[in-house]
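Peer 1: I have a structure I would like to understand better, so I am pasting it below and will then ask my questions one at a time.
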Amino acid sequence: MARLKAGARALCEKDAEPLGHNIIHSVTNPISRLTGAIHVYGGDFFAAERSEWDPETLREQPYDVEKTLRLFEEANRQ
């Protein structure tokens, strides 16, 4: 399956990139070190209806907050 990249950007330390209200974005870490990013959202993040995409199938699915929290917990244990 082909992946379309529109407006791809490479961000470095201290860079910021504002995204519009309906922007869909993905993040790829090209280095082996653990990195992080801060996302700032307006409103109630957990109450807003949102989607995520399966990285293999690229199919849209409802955003799973519990799955994300589990992934953070696993990463913190490492």
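Peer 1: Output yes when any residue across the stretch 2-18 is at pLDDT 85 or above, in a loop (DSSP other than H, G, I, E, B), among the acidic types (Asp, Glu) and touching a Leu at 6+ places or on another chain (Cβ under 9 Å), and no when none is.
Peer 2: yes
Peer 1: With of a type in the set (A, V, I, L, M, F, W, C) and at pLDDT 85 or above as the only criterion, which of LEU71, LEU34 stands out?
Peer 2: Going through LEU71, LEU34 in turn, the sole match is LEU71.
Peer 1: Cβ-Cβ distance below 7 Å, separation of 6 or more or different chains: which pairs start in the stretch 38-66 with a residue that is in contact (Cβ under 8 Å) with a residue 40 or more places away in the chain and at positive phi and end on one that is open to solvent by 60 Å² or more (accessible area, probe 1.4 Å) and of a type in the set (A, V, I, L, M)?
Peer 2: The qualifying pairs are LEU58/MET1.
Peer 1: Filter the stretch 56-66 down to the residues that are surrounded by fewer than 10 Cβ atoms within 10 Å (Cβ to Cβ) and out of contact with any strand residue (DSSP E or B) (no Cβ under 8 Å at 6 or more places or on another chain), then identify the one that is nearest to THR28 (Cα to Cα).
Peer 2: For the stretch 56-66, the residue satisfying everything is GLU56.
Peer 1: Take the conditions free of Cβ contacts under 8 Å to residues at least 40 places away in the same chain and open to solvent by 90 Å² or more (accessible area, probe 1.4 Å) and apply them to HIS21. Does it pass?
Peer 2: yes
Peer 1: Can I ask one more? Please go through the stretch 38-55 and pick out each residue that is part of a loop (DSSP other than H, G, I, E, B) and open to solvent by less than 80 Å² (accessible area, probe 1.4 Å).
Peer 2: GLY42, GLY43, PHE45, ALA47, ALA48, ARG50, ASP54 - these are the residues of the stretch 38-55 that are part of a loop (DSSP other than H, G, I, E, B) and open to solvent by less than 80 Å² (accessible area, probe 1.4 Å).
Peer 1: While we're on this one: In the stretch 19-55, how many residues are touching a strand residue (DSSP E or B) at 6+ places or on another chain (Cβ under 7 Å) and not small (Gly, Ala, Ser)?
Peer 2: Qualifying residue count for the region: 3.
Peer 1: Can you tell me how many residues within the stretch 24-34 are under 16 Å from ALA75 (Cα atoms) and loosely packed, with under 10 Cβ neighbours inside 10 Å?
Peer 2: 3
The values are calculated or read from the model by the stated rules, or taken from the named source; none is laboratory data. Please read all numbers here as calculations on a predicted model, not as lab measurements. Reconstructed Cβ throughout: ideal geometry from the backbone, glycine too, with neighbour counts over all protein chains shown. Quick note on the areas: whole protein, heavy atoms, side chains included, nothing else; ligands and nucleic acids left out. Shrake-Rupley method; radii C 1.70, N 1.55, O 1.52, S 1.80 Å.
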